[in-house]
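Below is the structure I would like to discuss, written out as structure tokens.
The values are calculated or read from the model by the stated rules, or taken from the named source; none is laboratory data. Not measured: the values here are computed from a predicted model. Cβ sites come from the backbone with ideal geometry, for glycine too, and all protein chains shown count toward neighbours. Surface accessibility is based on the protein's heavy atoms, side chains included, excluding ligands, DNA and RNA. Shrake-Rupley method; radii C 1.70, N 1.55, O 1.52, S 1.80 Å.
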Amino acid sequence: MSSHRILLVNGPNLNLLGTREPGIYGTGTLADAERLVEETAGAHGFEVRAVQSNHEGVLLDAIHAAREDCAGIVINPGGLTHTSVVLRDALSGVGLPVAEVHISDVYAREDFRHHSYVRDVADVHVIGEGIPGYGVAVERLIRVIAGHADG
Ligand code: CA2
């Protein structure tokens, strides 16, 4: 492993966390999620680069750049989970370990949220555990980075 940095990617609308829909997403904010990932990763000696964007191309550029200096990616793609072949291609293209996170239980929601283009290019899946799920995801991702196949 050449790098001790993790890329944290949050997709469209996740900047709205904590402002609306607390019944689905809770009351925590994007800053809370980012802090949790930083603290959890930091305890294992990893730095975090956090990116949130409402623009797909910005997310793709961040994922491509991770190839140079990151050991793995934690991503909540937001609604792009269910629509984006290009996001999936970017993740498989960089070849880093990936943890897919969803705050809500997408399988208990509308049918269109049941399919994920990211699912089978991710090594770790944490779904429906709220904001604490980001901490679980980074712990499991670091296990994969360290060479434990089961995450
Ligand atoms: O549960 C998740 O983490 C999701 O990735 C969140 C996405 C949704 O499209 C996915 O199906 C599941 C939506 C993020 C939007 O977050 C908001 C937060 C507060 C208010 C409005 C939107």
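Normalised radius of gyration for region 25-73, please: alpha carbon Rg relative to 2.2 N^0.38 Å, two decimal places.
Numbers: Rg = 12.3 Å, N = 49, 2.2 N^0.38 = 9.7 Å.
Relative to the rule-of-thumb radius for its length, region 25-73 sits at 1.28.
Cut-off 11 Å, label point 7 angstrom out along Cα-to-Cβ of residue 24: give me the residues of region 113-131 whose amide nitrogen falls inside.
113
Please report the net charge: other residues with Cβ closer than 13 Å to the Cβ of residue 17, K and R +1, D and E -1.
Details: positive: 20, 35; negative: 21, 32, 34.
Net charge in that neighbourhood comes out at -1.
Where Lys and Arg each count +1 and Asp and Glu each count -1, what net charge lies around residue 4 among other residues with Cβ under 10 Å from its Cβ?
Numbers: positive: 5; negative: 47, 69.
For residues surrounding residue 4, the net value is -1.
I've got another one for you. Pick from 129, 110, 68: which is most flexible by mean-square fluctuation in a GNM of the chain where alpha carbon atoms under 10 Å apart are linked?
110
Taking the simple approach of a point 7 Å from Cα along Cα-to-Cβ for both residue 148 and residue 136, what is their distance in nm?
Placing both labels 7 Å beyond Cα along the Cβ direction yields 1.5 nm.
Within the set of other residues whose C-beta is less than 15 Å from the C-beta of residue 50, count the net charge using Lys and Arg as +1 and Asp and Glu as -1. Before the final figure, lay out each step's value.
Numbers: positive: 5, 35, 49; negative: 32, 34, 38, 39, 47, 61, 69.
Spelling it out: positives minus negatives among the neighbours equals -4.
Using the crude model of +1 on Lys and Arg Cβ and -1 on Asp and Glu Cβ, and no other charge, please compute the dipole size for the chain relative to its Cα centre, in debye to 20.
Rounded to the nearest 20 debye, it is 20 debye.
Once Lys and Arg get +1 and Asp and Glu get -1 on their Cβ, which of 59, 71, 108 lies farthest toward the positive end of the dipole of region 59-128?
108
Sticking with this structure for a sec: Taking the chain as the reference, fit the longest principal axis to its C-alpha atoms, fit the long axis of helix 30-42 to the helix C-alpha atoms, and give the angle between the two in degrees, 0 to 90, nearest 10.
Result, in degrees: 30.
Mind checking the dipole of region 38-114: about its Cα centre, +1 per Lys or Arg Cβ, -1 per Asp or Glu Cβ, Debye to the nearest 20?
Working: 5 positive and 12 negative charges, 29 e Å.
It works out to roughly 140 debye.
Tally up the carbon and sulfur contribution to the accessible surface of region 12-117 as a whole percent, 1.4 Å probe, everything protein left in place. Please list the in-between numbers first.
Working: 2580 of 5130 Å².
Exposed carbon and sulfur together represent 50 percent of the surface.
Using alpha carbons only, how many degrees (0 to 90, rounded to 10) separate the axis of helix 132-145 from the longest principal axis of the chain?
30
Which log10 I(q)/I(0) values does the chain give at q = 0.11, 0.12, 0.19 Å⁻¹ under the Debye formula, counting every alpha carbon as one identical point scatterer?
-0.36, -0.43, -1.16
I'd like to check one number: the per residue accessible area of the chain, probe 1.4 Å, reported in Å² as a whole number. Could the numbers behind the result be given before it?
On the way: 7100 Å² over 151 residues.
Value for the chain: 47 Å² per residue.
Sticking with this one: Quote to one decimal, in nm, the extra length available between residue 4 and residue 113 on full extension: 0.36 nm per residue of separation minus the C-alpha distance between them.
Numbers: separation 109, 0.36 × 109 = 39.24 nm, distance 3.29 nm.
So the extension gain works out to 36.0 nm.
Non-local amide H neighbours of residue 103 (under 5 Å, H modeled in plane, Pro and chain starts lacking H): which ones?
128
Can I ask one more? Angle, helix 85-94 long axis vs. longest principal axis of the chain, Cα atoms, 0 to 90°, nearest 10?
With rounding to tens, the tilt is 20 degrees.
OK, next. Shape verdict for region 71-151, please, from the Cα gyration tensor: rounded (a/c under 1.5), prolate (a/b greater than b/c) or oblate. Could the numbers behind the result be given before it?
Working: a/c = 2.29, a/b = 1.25, b/c = 1.83.
Verdict is oblate for region 71-151.
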